[in-house]
Amino acid sequence: MQAPQANKGRQIFARKSIDGLIADSTLAGHKLKKTLGPWSLTALGVGGIIGSGIFVLTGTAAAGEHFSVPSILHAPVMDLIYNFIHQGHWVTSFEHGRPAAGPAIAISFILVAIACSFAGLCYAELASMIPIAGSAYTYTYATLGELIAWIIGWDLILEYAVSNVAVAVGFAGYLKAQLVAFGITLPDQWSTCVWAQGKWTGAYFNFPAFFIVFLLTVILVRGIKESARANNIMVLVKIAAIMIFLVVGGMLVHPANWHPFSPSGFSGILSGGAIIFFTYIGFDSVSTAAEETKNPQKDVPFGIIASLIICAVLYVGVALVLLGMMKYQTFESGAAADAPVAYALATLKANPIYQSIILIGALTGMVSSLLVFQYGQARIWFAMSRDGLLPKIFSAVHTKYQTPHWSTWIAGLAVGLPAGLLDIGDAADLSNIGTLFAFVLVSIGVILLRKRQPELKRGFRVPFVPLFPLISAGLCLSLMTGLTVITWIRFFVWLAIGLVIYLAYSRKHSSFALKK
């Protein structure tokens, strides 16, 4: 095993050399099998990006929102700052509204894709230099040092876990509601979370939410090749469902519904972008697969960029067709807001077969998103364990399947059990703040490595450094200020817990500490 790179500073600022990271990935018993190609990586990105949001958020973003918050804790940070500076108080921060984007939500999708591409380019460069499992955690270890690497790794654990708990609960609820149409009623006691909206529900366990996570965990343990094949199939199913919607819905379009195209002007386009930004999160999961890729220097950047382009095209297509089928005001509330695509097809009396296909596409979208994020979470734990920051059991590789089986099973329990017990509600925003925080550090990492090690071979290079990485970091920070005060408090509490664990365990067991 190659010793970590010497560092003149203290251990918490010590950085791992890229050569050392790559050498660690070849150790017997901690080595992952390389089986993925460019299209499998692209499918992984599409699987992570396109969930149920394409069938749900498009209508909400087009119609706009207006709501009141119960306390200052639920007000967006940016609103508080703006109102305090301009009015000297926070009172108006409790009333919120987002102007309607209308059919111009298609432009919002394009602008957000461009914004995400800045972060995607940064991930692509670092992944081509450091083709190791761990994504932003590994990149941070090589650029900002051990403590920041631990913080981002701990943050990514939160991001993946919270996101998947929310998706699993959403899948269970969506499945339960749709089974009723087929005369199948699941008992509430075994298909509802035990704790929701701060109250006991009287249920025993949300079995569908737990079972889908358990099933995907079994697939992930069996092997990356099997997992990629399952994801490829689900991606094809949901893309087919989207294409069918574009064809069927396209025949129901009335061009008059596209007027006015942008009822609120550019402010509506921007507000719509804020709502749908998080539908693009997931492309970073491609970088977690770098160590299991045959040619990571070329294939990982390809997978990241291709998945962003494909998803942007699909999002824009769905937006234009949906808002051509019905006026944007239709989707302000009720069933039309909860499931706009399904509502539009049902109201315009599309063939029930097509409606069923769209339903299958929505459910498949949730499952593939769960699969990709469970995969990514296990790889983050695997990488942190290999560096000594988590117990070695997390980096153990199955002798037959060549997967980090313990990390995968533990990640499955860490998501499955809470999904069976809790409806986390607005705490799901923790996934958003965690993702944006990771994007910021990755963007900074590109700048630092260009300055410190300009001679290193890069399979892909971000153009216009440091401008593009700074734009990426600035956009992500501005979006973070749009999240609520309570989300920031929960985020800092989580980081504080992580700091305690680092000082009590990880600092003493890291590869740097063991080399002293």
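All of the numbers you see were taken from the coordinates with simple rules; none came from a lab. Keep in mind that what you see is a predicted model, and the values were worked out from it rather than measured. Cβ: placed from backbone, ideal geometry, glycine included. Neighbour counts: every protein chain shown.
A few remarks follow.
- Positive end of the dipole of the chain (Cβ unit charges, origin at the Cα centre): among Phe210, Gln297, Ala115, the Cα lying farthest that way belongs to Gln297.
- Helical contribution to [θ] at 222 nm, DSSP H n ≥ 4, -39,500 (n - 2.57), averaged over the chain, rounded to 500: -20500 deg cm²/dmol
- Dipole magnitude for the chain: about 1760 debye, using +1 per Lys or Arg Cβ and -1 per Asp or Glu Cβ, origin at the Cα centre.
- Each residue of the range 251-261 was assigned a 3J(HN,Hα) from its phi angle through the Karplus curve 6.51 cos²θ - 1.76 cosθ + 1.60 (θ = phi - 60°); the sequence is 6, 9, 6, 10, x, 4, 5, 7, 10, x, 5 Hz, with glycine and proline shown as x.
- Each of Ser40, Leu246, Thr60 was scored by the projection of its Cα onto the charge dipole of the chain, and the greatest displacement toward the positive side belongs to Ser40; charges sit on the C-beta of Lys, Arg, Asp and Glu.
- Set Lys34/Lys457; Lys238/Lys327; Lys34/Lys298; Lys31/Lys392; Lys33/Lys400; Lys392/Lys508 screened for pairs whose C-alpha atoms are more than 18 Å apart: Lys34/Lys457; Lys238/Lys327
- Shape call, the range 376-489: gyration tensor on alpha carbons, a/c limit 1.5: oblate
- Mean separation of Cα pairs under 8 Å and 6 or more residues apart, divided by the residue count, gives the chain a relative contact order of 32 percent.
- Taking 20 Å as the straight-line reach from the Cα of Lys225, the aspartates and glutamates in range (excluding those fewer than 8 positions away in the same chain) are Asp284, Glu291, Glu292, Asp299.
- Distance between the range 118-190 and the range 269-339 - C-alpha centres, whole angstrom: 15 Å
- Acute angle (nearest 10 degrees) that the helix 207-222 long axis makes with the longest principal axis of the chain, alpha-carbon atoms: 40 degrees
- Global geometry of the range 107-180, whether rounded, prolate or oblate, following the gyration tensor of its Cα atoms and the 1.5 cut on a/c: oblate
- For trypsin sites (Lys or Arg not before Pro), the sites in the range 399-479 that DSSP calls loop and that have at most 12 other Cβ atoms within 10 Å are Lys400, Lys457.
- Listed residue (Ile309, Gly365, Ile269) projecting farthest to the positive dipole end of the chain, Cβ model: Ile309
- Cα gyration tensor shape of the range 238-287, rounded if a/c is under 1.5, else prolate or oblate by comparing a/b with b/c: oblate
- Between the Cα long axis of helix 105-129 and the first principal axis of the chain there is an angle of about 10°, rounded to the nearest 10.
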